[in-house]
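Asks: Dropping the structure in here first, questions after.
The values are calculated or read from the model by the stated rules, or taken from the named source; none is laboratory data. Since the structure is predicted, the reported quantities are computational estimates derived from the model, not experimental observations. Don't worry about glycine lacking a Cβ; one is built from the backbone with ideal geometry, like all the others, and counts go over all protein chains shown.
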Amino acid sequence: MAYDNRTVQRSGQVAAFEEGLRGFMQRVFVYMALGLGVTGIAAFFAATTPAIQAVLYAPGMIWVTILAPLAVVFFLSFRINSMSFSAAQTTFWFYAALMGLSITPVLMMYQVESVARIFFITASVFGTMALYGYTTKKDLTSLGSFMFMGLIGVVIASLVNLFLQSSMMTLVTSALSVIIFTGLTAYDVQKLKDIYYEADTPEATGKMAVMGALNLYLDFINLFMALLRLFGTRRD
């Protein structure tokens with residue numbers, strides 16, 4: 001079958017785009033995996049170093065561990081366009097390490113085997129939804145909007161529960177978080193395809209890969225923590 005030059009050119013453009021997209025997505029997931037690795041190392045050192053634990057368990061530190069990572073996320077989100085690629089990377093690694101310190105007090109409440117089991121369950125759910133988000137032809141924009149609205153409600157309820165300390169509210173917000181971050185995983189992966197299409201320079205593509213990794217990292221961590229609260233086995 002013969003193809004005219006325009007058909008060949010279009011086919012070549014599509015093939016080049018698909019190859020570039022695959023490379024971009026691989027880059028995003030590598031950054032995300034490295035971020036999780038940094039978080040795990042930071043949490044390990046915090047859990048095995050009494051001096052760090054003394055700081056984390058000091059009075060009033062709960063607000064620091066909650067607000068410090070949140071501040072870094074907002075900083076990176078609002079400054080990403082004016083930052084260099086290397087600065088964006090450094091900020092992401094710093095955030096991942098800070099998150100490791102932040103979640104250490106929670107992780108230490110559960111048995112090591114339970115934490116490992118929930119981690120692999122999270123990885124399975126996350127991987128399934130990421131694959132769905134990448135391959136589906138369905139537009140997930142409405143799903144993402146709905147999940148984001150639910151996320152705002154969960155965040156507000158969780159902040160209120162810091163004062164109420166209600167076990168029932170913890171259970172409800174954790175269950176909702178599982179649903180929300182499962183849906184957001186698929187939506188965020190699909191959204192990355194649009195982000196790659198809009199990036200016009202290697203520098204912009206690199207910074208968008210960092211932001212994509214941050215979004216997926218947040219989906220993974222929040223899904224993991226929600227599943228841990230629901231199904232984790234606490235220490236005696």
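Asks: In segment 178-199, which residue that is among the hydroxyl-bearing types (S, T, Y) and modelled with pLDDT under 95 is farthest from R27 (Cα to Cα)?
Replies: Filtering first and then ranking leaves Y197.
Asks: Would you mind telling me which numbered condition in (1) touching a Leu at 6+ places or on another chain (Cβ under 9 Å); (2) surrounded by fewer than 21 Cβ atoms within 10 Å (Cβ to Cβ) L192 fails?
Replies: (2)
Asks: Sticking with this structure for a sec: Applying the selection to segment 18-64, what residues are of a type outside the set (G, A, S), within 30 Å of I195 (Cβ to Cβ) and out of contact with any helix residue (DSSP H, G or I) (no Cβ under 6 Å at 6 or more places or on another chain)?
Replies: Matches in segment 18-64: E18, E19, R22, M25, Q26, F29, V30, L34, L36, I41.
Asks: Another question, then. How many of the residues making up segment 159-189 are aromatic (F, W, Y) and surrounded by fewer than 16 Cβ atoms within 10 Å (Cβ to Cβ)?
Replies: 1
Asks: Related question: In this structure, is V64 of a type in the set (A, V, I, L, M), modelled with pLDDT under 90 and more than 21 Å from the chain's Cα centre (by Cα)?
Replies: no
Asks: Among the candidates Y132, Y95, single out the residue that is assigned to a helix (DSSP H, G or I), closer than 26 Å to E18 by Cβ and touching a residue at least 12 places away in the same chain (Cβ under 8 Å).
Replies: Y132 is the lone residue from the list that is assigned to a helix (DSSP H, G or I), closer than 26 Å to E18 by Cβ and touching a residue at least 12 places away in the same chain (Cβ under 8 Å).
Asks: Test each condition in (1) touching a Ser or Thr at 6+ places or on another chain (Cβ under 9 Å); (2) exposed (fewer than 13 other Cβ atoms within 10 Å of the Cβ) for A51 and report the one that comes out false.
Replies: Checking A51 against (1) touching a Ser or Thr at 6+ places or on another chain (Cβ under 9 Å); (2) exposed (fewer than 13 other Cβ atoms within 10 Å of the Cβ), the one that fails is (1).
Asks: Here is a follow-up. Just to be sure before I move on: is G206 touching a residue at least 60 places away in the same chain (Cβ under 8 Å) and surrounded by fewer than 23 Cβ atoms within 10 Å (Cβ to Cβ) in the structure I sent?
Replies: yes
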